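Q: I'd like to ask you about the structure that follows.
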Amino acid sequence: MTTKRLERTRSLLKRLAAQFIARNVSLTGVLTTVTRVEIALSFDTATIFLSIWPREKEKEMMSLLYAARKDFWAYLSRNLKMKHMPSFRFEIDEGEKARIRIEEILQKEKK
């Protein structure tokens, strides 16, 4: 797969995942953002990285997403034309959490 095609697919999966989560998996007072999507070169798996705020709700939101995996797969099957649909995993984006923590520290030092 060419790099350009892989990037387009990642971008489309990111957009569709964000739409699915916004429409079908939500908790009151919880903001869930799709930060990035990684696809294996074999195209058999894709990992969707998320940022969830507030952090105290991460576990609850992740269990809702886990329960909605089949619905997510069906949603992608209807909205994404691919020969072989990969299996999907949802994970918390630890890099994003670290970035947010660094910003908090910098804001405290400015004061």
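Q: Pairing the Cα long axis of helix 69-79 with the longest principal axis of the chain, what angle in degrees results, from 0 to 90 and rounded to the nearest 10?
A: 60
Q: For the chain, what relative contact order do you get, as a whole percent, if you take Cα pairs closer than 8 Å and at least 6 residues apart?
A: About 26 percent, as a whole number.
Q: Do the sum for the chain: with -39,500 (n - 2.57) for every DSSP H run of n ≥ 4, divided by all residues, what is the mean residue ellipticity at 222 nm, to the nearest 500 deg cm²/dmol?
A: -17500 deg cm²/dmol
Q: Taking square-rooted eigenvalues a ≥ b ≥ c of the alpha carbon gyration tensor, is the range 3-110 rounded, prolate or oblate, where a/c under 1.5 means rounded and, failing that, a/b exceeding b/c means prolate?
A: oblate
Q: Quick one: LEU64, LEU41, LEU27, fewest Cβ neighbours within 10 Å first, how do they rank?
A: LEU41, LEU27, LEU64
Q: For the chain, find the longest principal axis of its Cα atoms and tell me its angle to the long axis of helix 58-67, 0 to 90°, nearest 10.
A: So the inclination is approximately 10 degrees.
Q: Please give the per residue volume of the convex hull enclosing the alpha carbon atoms of the range 31-93, rounded to a whole number of Å³.
A: That works out to 81 Å³ per residue.
Only the coordinates and a few stated rules stand behind these numbers; no lab work does. Being a predicted model, the structure only gives us computed values, none of them experimental. Please note: Cβ atoms are built from the backbone with ideal geometry, for glycine as well, and neighbour counts cover all protein chains shown.
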